[in-house]
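Let me begin by presenting the structure, written as structure tokens, before commenting on it.
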Amino acid sequence: MARYTEAVCRLCRREGQKLFLKGDRCYTQKCAMECRPYPPGMHGQGRSKTSEYGLQKREKQKARRYYGVLESQFRKYFEMASKRQGQTGENLLSILESRLDNTVYRLGFAMSRAEARQLVGHGHFTVNGKKVNIPSFLVKPGMVISLKESSRSLEKIKANVEANAFRQPPKWLEYDANNMVAKVVALPTKEDIDLPIEEHLIVELYSK
């Protein structure tokens, strides 16, 4: 499967804002957006005004990059969202937020979604007692996510949990920090998502 393998800081610069793709580095002065807050490339500082289509496409790309999904995956999620009751844009964000790798990130087991994707892929988590190593797995209300007993002694995970101790899990997750177990109590809503995504622009783009 194709996946972006270049410097992820270029993605933040291209979108003109921090996407927090490198974890704790994004909070330091070493962050590329602190040093070079303009698009990459030799013409990055002299680009003209973006068109309406350009704004819509940039918003779609920004959402894709936040959650680390491919174009084909993103379109599939949009089609799923359009078939659900309610507003398509909010349904889309709810689906993206329900990915297992994002859930692991929200619980503080990883410093970035990319790292959470790797931890899930390595089989460190279970859903309803069964190992799930598919980052795109969509969690649903009633499901229980837990860190495997054998993974709780890993220094990297312990360090992440300690560093993220201040982070409160979203309302749609009920988290028992002592046992490292979380229960999905509801579907994520737009109010639960703290990302600056204007989902209506994405809907407009795909509705053309």
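Each value in this text was obtained by applying a stated rule to the coordinates, not by laboratory testing. Note that this is a predicted model, so its numbers are computed, not measured. Every residue, glycine among them, receives a Cβ derived from its backbone with ideal geometry; neighbour counts consider all protein chains shown.
Can you classify the range 99-186 as rounded, prolate or oblate using the Cα gyration tensor, where a ≥ b ≥ c are the square roots of its eigenvalues, rounded means a/c under 1.5, and otherwise it's prolate if a/b beats b/c and oblate if not? Don't skip to the end; give the middle numbers.
Working: a/c = 1.34, a/b = 1.12, b/c = 1.20.
Rounded is the answer for the range 99-186, as its axis ratio a/c remains below 1.5.
If you count, for each residue, the other Cβ atoms within 10 Å and average over each peptide, how do 90-99, 119-128 line up from highest to lowest? Mind showing how you got there, number by number?
Working: 90-99: 22.5, 119-128: 18.1.
My ranking of the peptides, most packed first, is 90-99, 119-128.
Taking θ as phi - 60°, what are the ³J(HN,Hα) couplings along the range 132-143 by the Karplus curve (6.51, -1.76, 1.60), each to the nearest whole Hz, with x for Gly and Pro?
Here the 3J(HN,Hα) series is 10, 10, 10, x, 7, 4, 9, 7, 9, x, x, 6 Hz.
Whole-Hz Karplus ³J(HN,Hα) for the range 57-71, in order, using 6.51 cos²θ - 1.76 cosθ + 1.60 and θ = phi - 60°, x for Gly and Pro?
After applying 6.51 cos²θ - 1.76 cosθ + 1.60, I find 5, 5, 5, 5, 5, 4, 5, 4, 6, 4, 9, x, 10, 7, 4 Hz.
Using 0.36 nm per residue of separation minus the Cα-Cα distance, give me the extension gain between T50 and A159 in nm, one decimal. Don't skip to the answer; put the middle values down first.
On the way: separation 109, 0.36 × 109 = 39.24 nm, distance 4.18 nm.
Net length gain for the segment: 35.1 nm.
What is the distance in Å between the Cα centroid of the range 153-208 and that of the range 52-74?
A separation of 19 Å, based on Cα centres.
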